[in-house]
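Written below as structure tokens is the structure these notes are about.
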Amino acid sequence: MRPYKHPEIAEFVLERVLYALSDSIRLEIVRHLDRVECATCGELDGGRPKSTVSHHFKVLREAGLVRTESNGTTHINTLRSADIEQRFPGLLSAILAQSDKLPARRRKALAR
């Protein structure tokens, strides 16, 4: 299996980052990765089809939000929060802070 391509920090584009975070599934993946050091795709799939999850991770990788490394047949994902902070200071923390302000039923709906 060939390694995934990840953009360099200087290649991050604000519109791609915001687009990646505009989808509730991708935003929930980013929120989960913000709470843990790393997670496999299986831990983050939410019971969704593999093709759907693969697409979401591709969008997140291309935006520079997630780094995916292969370990055999397992894919380990980490949030590139320090890289995003370097390129767009305060952006990710401001977006992630908003989840705490949502009503419980809205947070639950976004997690689906």
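When semi-axes √(5λ) of the Cα gyration tensor in Å is computed from the coordinates, the matching label among [x] 28, 22, 10; [y] 21, 19, 12; [z] 33, 17, 12 is [y]. Annotation for the range 33-89: GluC sites (Glu not before Pro) lying in DSSP loop with at most 10 further Cβ atoms inside 10 Å of their Cβ are Glu37. Computed per residue of the chain from DSSP H runs no shorter than four, each worth -39500 (n - 2.57), the mean residue ellipticity at 222 nm is -15000 deg cm²/dmol. Hand me the trypsin sites (Lys or Arg not before Pro) from the range 1-84 located in a DSSP loop with no more than 11 other Cβ atoms within 10 Å, in residue order please. For trypsin sites (Lys or Arg not before Pro) across the range 1-84 that sit outside H, G, I, E and B with at most 11 neighbouring Cβ atoms in 10 Å, the list reads Lys5.
Read the figures in this text as sums done on the coordinates, not as results from a lab. In this text, all values refer to a predicted model and were calculated from it rather than measured experimentally. Neighbour counts are summed over all protein chains in view; Cβ atoms, including those assigned to glycine, are modelled from backbone coordinates with ideal geometry.
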